[in-house]
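Below: the structure, in structure tokens.
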Amino acid sequence: MEFKLLPGGTISGEARVPGDKSMSHRSIMLGALAEGTTRVSGFLEGDDALATLAAFRAMGVSIERHGEGEVVVHGVGLHGLAAPDGPLDLGNAGTGMRLMCGLMAGQPFDTVLTGDASLCSRPMGRVIDPLRLMGAKIDAQEGGRPPLKITGGSQLKGIHYDLPMASAQVKSCVLLAGLYAQGRTSVTEPAPTRDHTERMLRGFGYEVKREGEVISLQGGGSLKAADIDVPADISSAAFFLVAASITPGSDLLLTHVGINPTRIGVLNILNLMGADITLKNEREVGGEPVADIQVRYAPLHGVDIPEDQVPLAIDEFPALFIAAACAQGRTVLRGAEELRVKESDRIAAMAEGLNTLGVNNEVLEDGIIIEGGTIGGGEIRTHMDHRIAMAFSIAALRAEQEIVVLDCDHVATSFPGFDALARGLGLQIIVQAD
Ligand code: S3P
């Protein structure tokens with residue numbers, strides 16, 4: 001499937017984008033391991049979260065889907081999973097695989113975790129290293145790549161782990177393994193990252209301490225089922241925050257968006273660039289802050305992105321690079337080497353697409369410099385990365401010629417229905433077979 005985008009248009013109206021991917025994965029994992037029944041609403045019915053759901057079904061957990069994001073998980077308790085018949089296929093999902101590694105390391109049975117070509121090219125050493133220190137037995141392919149074989153039956157022991165990179169996936173993996181470990185497990189992060197695991201564990205009645213930079217929990221407790229209302233994903237909202245910001249005449253309301261402080265780097269960076277963004281109806285839903293976000297067109301200017309915002313906007317850089325391409329002046333991003341190990345090398349993939357569209361940029365080892373200017377047209381390769389596909393789709397709003405985004409199947413991993421929603425808001429997007 002590919003997207004053909006006609007140049008121009010304005011973005012207006014009201015929309016609720018699909019549920020948060022990070023929270024959807026975690027709602028299935030913790031719901032499955034809790035005692036009792038967890039009702040999830042707003043669940044992201046995207047391929048990534050559905051792969052996690054299928055993995056827990058394969059381990060004997062009964063999970064009902066009632067459509068429109070309503071999911072009921074009949075928890076089996078921390079020690080109630082059954083050995084799966086074959087490998088667990090986590091599709092395209094780094095979050096699914098890295099968090100599951102932590103959980104599977106604590107099981108009495110063996111598991112094999114695998115995924116698609118993109119996932120099988122991503123580094124897992126970052127989770128294997130701390131898990132081995134905890135006593136887990138894990139075999140990987142060359143370079144620490146999946147498929148991973150996790151040998152069950154190891155009694156894990158609590159460790160303290162200084163995270164070598166700001167990664168919520170690694171933090172969550174270690175803490176989830178800590179549920180099965182003897183003693184206390186603690187981590188220190190080099191910079192704050194999304195804290196949905198900690199919040200959701202607490203929501204399930206599990207004590208998670210935060211003392212300064214150190215986050216810790218004691219193994220051997222239990223999780224009590226709790227209902228979860230998953231807000232709209234700010235990472236999906238980001239494409240429309242940028243779309244409306246760069247397009248004269250735009251005025252858009254995005255409803256029920258999660259605005260957890262560890263996720264709002266995109267709002268902070270767009271505000272620095274001069275965007276017109278207003279938070280309305282701020283409230284707390286199930287332990288997570290939520291708001292409706294109004295965004296109107298405003299002329300943007302280039303900025304030096306503060307490095308402390310990088311982990312808080314880590315998934316939003318493809319969209320932000322398009323904002324930078326439409327801004328007046330130069331935008332500089334540094335300290336973002338983690339972008340090189342996402343669903344694609346997002347610095348290289350975005351630079352390639354920006355070059356196709358005639359946007360001047362200079363690639364750095366740990367970031368990029370983008371000169372705002374005019375946007376041409378052409379054919380864009382997505383490198384099997386959903387966010388590269390959506391970023392270049394919204395670029396069409398300011399393009400001078402047609403843009404064709406090739407290989408868009410992966411959009412469904414995080415944003416099923418992106419094309420229809422985008423069309424409804426004013427993007428001139430045509431889906432065609434490739
Ligand atoms: C996620 C953490 C981030 C993010 C990913 C989701 C999570 O990855 O990029 O999309 O749900 O914990 P890293 O931990 O690799 O930064």
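Any read-out appearing in this document is the output of simple, stated calculations on the displayed coordinates, not a laboratory observation. What you see is a predicted model; the values in this text were computed from it and never measured. Note that we place each Cβ from the backbone using ideal geometry, even for glycine, and neighbour counts take in every protein chain shown.
A few notes on this one:
- A straight chain from Thr262 to Glu365 at 0.36 nm per residue would run longer than the Cα-Cα distance by 34.6 nm.
- In sequence order, calculated HN-Hα J values of the range 158-172 (Karplus, 6.51, -1.76, 1.60; Hz; x Gly/Pro): x, 9, 9, 10, 8, 5, x, 9, 6, 9, 5, 5, 5, 4, 5
- Between Gln182 and Ala54, the modelled labels are 3.8 nm apart [label points 7 Å from Cα along Cα→Cβ].
- For the range 312-324, backbone phi angles converted through the Karplus equation (6.51, -1.76, 1.60; θ = phi - 60°) give residue-by-residue couplings of 7, 10, 4, 8, 9, 5, x, 5, 5, 5, 5, 4, 5 Hz, Gly and Pro being listed as x.
- The modelled label-to-label distance between Glu64 and Asp85, using points 7 Å beyond Cα along the C-beta direction, is 2.4 nm.
- Mean separation of Cα contacts under 8 Å, 6 or more apart, over the residue count of the chain: relative contact order %: 20
- Among Gln155, Gln169, Gln107, the largest mean-square fluctuation in a Gaussian network model of the chain, built with springs joining Cα atoms closer than 10 Å, belongs to Gln155.
- HN-Hα J in Hz across the range 63-79 - Karplus 6.51, -1.76, 1.60, θ = phi - 60°, x for Gly and Pro: 10, 9, 10, 10, x, 6, x, 9, 10, 10, 10, 8, x, 10, x, 4, 10
- Gained length - Val431 relative to Gln401, 0.36 nm times residue gap less alpha-carbon distance: 9.1 nm
- All lysines inside 26 Å of Lys342 as judged from Cα atoms, apart from same-chain residues fewer than 8 positions distant: Lys4, Lys21, Lys137, Lys149, Lys171
- Rg/Rg_ref, the range 1-110, where Rg_ref = 2.2 N^0.38 Å and atoms are Cα: 1.26
- The range 21-229: C-alpha gyration tensor shape, a/c 1.5 cut-off, then a/b vs b/c: rounded
- Antiparallel %, DSSP beta bridges [both residues in the chain], to 5: 70
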